[in-house]
1. By how many nm would the segment from Ala29 to Val66 lengthen if fully extended, with 0.36 nm per residue of separation less the alpha-carbon distance?
2. Counting alpha carbon pairs within less than 8 Å and at least 6 residues apart, what relative contact order, in whole percent, applies to the range 5-96?
3. How far is helix 9-23 tilted off the main Cα axis of the chain, in degrees rounded to 10, range 0 to 90?
4. In degrees, nearest 10, range 0 to 90: what is the angle between the Cα axis of helix 27-46 and the longest Cα principal axis of the chain?
5. Using θ = phi - 60° and the Karplus relation 6.51 cos²θ - 1.76 cosθ + 1.60, list the HN-Hα couplings for the range 63-80 in order, rounded to whole Hz, with x at every Gly or Pro.
6. Quick one: what does P(r) look like for the chain with 10 Å bins over all Cα pairs, in whole %?
Amino acid sequence: MAFDYVVLKKAEDDLDEIIDYIAADNPKAALELYKTFLKQFEYLSLFPEVGRLRKEFQPVVRSLPVGNYVIFFRESSPLEIIRVLHGARDITAEYLD
């Protein structure tokens, strides 16, 4: 099965930062979290409507929590993963530009 999604540059940078930070203490946990993110990206490409609609951002995006993190994405073809941010952040529109 082909999954139809792209990970934008800022999201790639987010993933690198998250995985590097966790890998410094626990490489195995970092690898497992990375695999979890990839599985969620695939899932979202098939079922984007499961994400929470975030009308406070323009253009409108959706989000899906994954552990302590939140995946932000746009329903498009292909689905765009725009950011992966820690859920404790006060996320404002400039994070998603």
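Each value in this text was obtained by applying a stated rule to the coordinates, not by laboratory testing. Values in this document were obtained by computation on a predicted structure and should not be read as measured data.
1. 11.9 nm
2. Normalised by residue count, the contact order of the range 5-96 is 31 percent.
3. The angle comes out at about 30 degrees.
4. Once rounded, one gets 20 degrees.
5. Each residue's phi maps through the Karplus curve to give 9, 9, x, 9, x, 7, 10, 10, 8, 10, 8, 10, 6, 7, 10, x, 4, 10 Hz.
6. 16, 51, 28, 5
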